[in-house]
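S.K.: Handing you a structure now.
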Amino acid sequence: MNSDLLCSSCPPTWKKIMSFFIDFLGCFVIFGYILAYFFGGLTEEGFNLEGISTLFLFSLIVSYFIIMKRYFGGTFGKKIFGIVSSKHHK
């Protein structure tokens with residue numbers, strides 16, 4: 001095996017995947033309800049977004065990941081699992 005591919009200080013893959021799901025689900029619910037409130041998509045079961053409001057929701061989710069990584073060093077999911085974001089693993 002190539003020793004460059006192994007990283008003893010890298011977090012386990014399951015932590016990365018779980019942190020992504022926590023972040024995505026949290027963003028989807030929080031941003032979804034906020035947008036549904038403003039676009040009139042609230043229902044008794046939750047919210048229902050269609051068209052441009054759905055595109056706006058996913059734009060906010062992508063922006064969350066970019067902004068949190070850039071300015072705060074990682075998302076809330078990464079902080080929950082103790083994952084430190086870095087540019088290069090050595």
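S.K.: Whole percent per 10 Å bin, from 0 to the bin with the longest distance: what is P(r) over all C-alpha pairs of the chain?
M.R.: 15, 37, 26, 14, 6, 1
S.K.: How much accessible area per residue does the chain have, in Å², with a 1.4 Å probe? Working shown, then result.
M.R.: Details: 7000 Å² over 90 residues.
Roughly 78 Å² per residue, with all protein chains present.
S.K.: Working from Cα positions, state the angle (0 to 90°, nearest 10) between the long axis of helix 13-39 and the longest principal axis of the chain.
M.R.: In the chain, helix 13-39 runs at an angle near 20 degrees to the longest axis.
S.K.: Give the list, by residue number, of cysteines in the chain with no other Cys Cβ closer than 4.7 Å, or say none.
M.R.: Cys27
S.K.: Explain nothing, just the number: relative contact order of segment 14-90, from Cα pairs under 8 Å at least 6 residues apart, as a whole percent.
M.R.: Rounded, it is 37 percent for segment 14-90.
S.K.: Within segment 40-84, whose backbone N sits under 12 Å from a point 7 Å along Cα→Cβ of Phe28?
M.R.: Flagged as within label range: 58.
The values are calculated or read from the model by the stated rules, or taken from the named source; none is laboratory data. Every value quoted in this text rests on a predicted model; they were computed, and no experiment measured them. As a convention, Cβ positions derive from the backbone with ideal geometry for all residues, glycine included, and neighbour counts pool all protein chains shown. Areas reflect the complete protein model, heavy atoms only, side chains present, ligands, DNA and RNA absent. Shrake-Rupley method; radii C 1.70, N 1.55, O 1.52, S 1.80 Å.
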